[in-house]
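Notes follow the structure.
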Amino acid sequence: MIDPLPPLREVIARHGLSARKSLGQNFLLDLNLTRRIAEAAGDLSCCDVLEVGPGPGGLTRGLLAAGARHVLAVEKDKRCLPALAEIAAAYPDRLTIVEGDALGIDPNAHLQPPIRVVANLPYNIGTELLVRWLTPHDWPPFWQSLTLMFQREVAERIVARPGSKAYGRLALLAQWRSTARIVLRLPARAFTPAPKVDSAVVHLAALAVPRFPANPQLLERVVAMAFNQRRKMLRAALRGLAPDIEARLQSVGIAPTQRAEELALEQFCALARTLE
Ligand code: SAM
């Protein structure tokens, strides 16, 4: 028991919350597990937390039981609101529920820094939200950390190292300005209903400044072009970037015959700097 509220199965039955695939609804019903996810986010007692997609509130309850100062929960499915209101009543002044699409809401209007984001994301918008949080106009971002559930394959792409198949745009984007690691792996059966694939929780801690200097737009362009044709040698994949791309690659110690997946983050940043 992490709180005096009723078990989630009972909440779901009472409010008729049958899971909808179109909303990416795979619920976590084990409150000890949701509390562990909340704890993996770090100390929450001095932070406001943004949770996207609370559903019937399993993770929300984990966050509140773990001591979150304040939780802002953004849920698109109206049907979940009465169940979430019961949690808000059990934790006076610590839970704000906003009905709406997380893609269209400015969380800063409701939150005080420092802010952590913790969510069991709907699969259909998970990557889009992550990319958005990793590419704000200014750095450091509004968040101190992101603790997010993804399909395992996506989680592995976020933490991937050079030379691996999973290494690509997402790894470079995440690792340039944050420290990313997988903190928990969950089998599909941990969810109700069980999805087709396993999941993992990734924790990303924002760095105060990027790991290596580079212009964000140029870095993004170089990385996107390099991995769009990841099997090609860089001199071919990056031909459209600059007429003298071979010379530029060589000037920062990259052989034009290398392929994107062999380059470390530091080398991509050095290459982006030559294009300033
Ligand atoms: N947090 C709950 C849990 O762990 O059991 C539910 C997680 S479920 C994977 C994803 C939740 O996101 C669902 O409740 C769904 O209704 C909600 N959702 C889907 N699309 C959304 C969107 N665009 N904005 C906000 N919530 C969304």
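Worth a mention:
- One chain, two ends: R20 and E153. Fully extended at 0.36 nm per residue, the span grows by 45.6 nm beyond their Cα-Cα distance.
- Sites A208 and T257, calculated FRET efficiency, Cβ-Cβ separation with R0 51 Å, nearest 0.05: 0.90
- Remark: segment 216-275 is approximated by an ellipsoid whose semi-axes, taken from the C-alpha gyration tensor as √(5λ), come to 13, 13, 11 Å, largest first.
- Euclidean distance of C-alpha centroids, segment 102-172 and segment 68-90, integer Å: 22
- Residues whose amide H falls under 5 Å from that of V71, counting only those 5 or more places apart or on a different chain, are V49, L95, T96, with hydrogens built in the peptide plane.
- Considering only V71, I158, L50, and ranking their Cα positions along the charge dipole of the chain that arises from unit charges at the beta-carbon of Lys, Arg, Asp and Glu, the one farthest toward the positive end is I158.
- Close Lys-Lys pairs in the chain, where close means Cα under 19 Å and separation is 8 or more or interchain: 4
- Length-normalised contact order of segment 8-206 in % [C-alpha pairs under 8 Å, at least 6 apart]: 20
- Over segment 15-99: Kirkwood hydrodynamic radius from C-alpha pairwise inverse distances, Å: 12.8
- Cβ-placed point charges (K, R +1; D, E -1), dipole of the chain about Cα centre in debye, nearest 20: 940
- Förster radius 51 Å - calculated FRET efficiency between T96 and R221 (Cβ-Cβ, nearest 0.05): 0.85
- Between A109 and A85, the modelled label-to-label distance comes to 2.1 nm, taking each label 7 Å out from Cα in the direction of the beta carbon.
- Once the Cβ-Cβ distance of R230 and D30 is raised to the sixth power relative to R0 = 41 Å, the FRET efficiency obtained is 0.60.
- Shape call, the chain: gyration tensor on alpha carbons, a/c limit 1.5: prolate
Values in this text are rule-based calculations from the coordinates and carry no lab data. Everything numeric here is computed off the predicted structure, so don't read it as measured data. Note that each Cβ is placed from the backbone with ideal geometry, even for glycine, and that neighbours are counted across all protein chains shown.
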